[in-house]
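Student: Sharing a structure with you now.
Every number in this text was worked out from the coordinates using simple rules, so none of it is lab data. This structure is a prediction, so every number in the text was calculated from the model and none was measured. So basically every Cβ, Gly included, is an ideal-geometry build from the backbone, and we count neighbours across all protein chains shown.
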Amino acid sequence: MTDLWDRALAAMRERLGAEGMRHSLGVADTAARLAETYGVDVEPARLAGLLHDWAKDATASELLSAADDHGIPVTDVDRAVPYLLHAPVAAAELKAAMPDLDDQVLAAVAAHTYGAESMSPIDLIVYVADTIEPGRVHAGVETLRDAVGVVSLQELFMLAYASSLRHLVDSRRRIHPATVALWNRLVSEDPR
Ligand SMILES: [Fe+2]
Ligand SMILES: [Fe+2]
């Protein structure tokens, strides 16, 4: 592994507890496997998987003030569920903490809660890896795992995103405007 990987690993170990590290390494491995399967650069995907939850342990008020400091847009949904900001806040903090990280790694970290207007293959991979890493036990996870390598990466992401939206609706949670915008774009590009 590279020096960048070693530094990222050491930094994450300082930030997360044992379960957070297990999850992060699970996402890193899964992202690397998905990248191999779909012909995407493996190392940036693995690194983004490792780093995606950099800001996961920040409190709600820390996330809101960090978003403010970094000029990250804060909607009513972010104010109600500040946890969602741990993705864009992580990307902004990582840019300062590890200036040699690729923009594609930062973008994938930023997009892992509510997505982004345009999603690159690495963004799609990290989102899916976060959903299906070996520690995940949610309903439907086996269906997603079985679809790896069988359906296209875009379709795999749509299945994972749909499952997460369904969960939000079923548990009567708020849906972020960026999530709605991304979903509308996905279905307009892939009408059934
Ligand atoms: Fe996360
Ligand atoms: Fe995660």
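Student: Taking the Cα centre of the chain as origin, work out the dipole magnitude from +1 charges on Lys and Arg Cβ and -1 charges on Asp and Glu Cβ, in debye rounded to 20.
Tutor: On the way: 17 positive and 29 negative charges, 132 e Å.
Rounded to the nearest 20 debye, it is 640 debye.
Student: Now for a separate question. Report the Stokes-Einstein translational diffusion coefficient (µm² s⁻¹, integer) for the chain, Rh taken as the Kirkwood radius over Cα pairs, at 4 °C with viscosity 1.567 mPa s. Write down the numbers at each step before the final one.
Tutor: Values: Rh = 16.8 Å.
It comes out at roughly 77 µm²/s.
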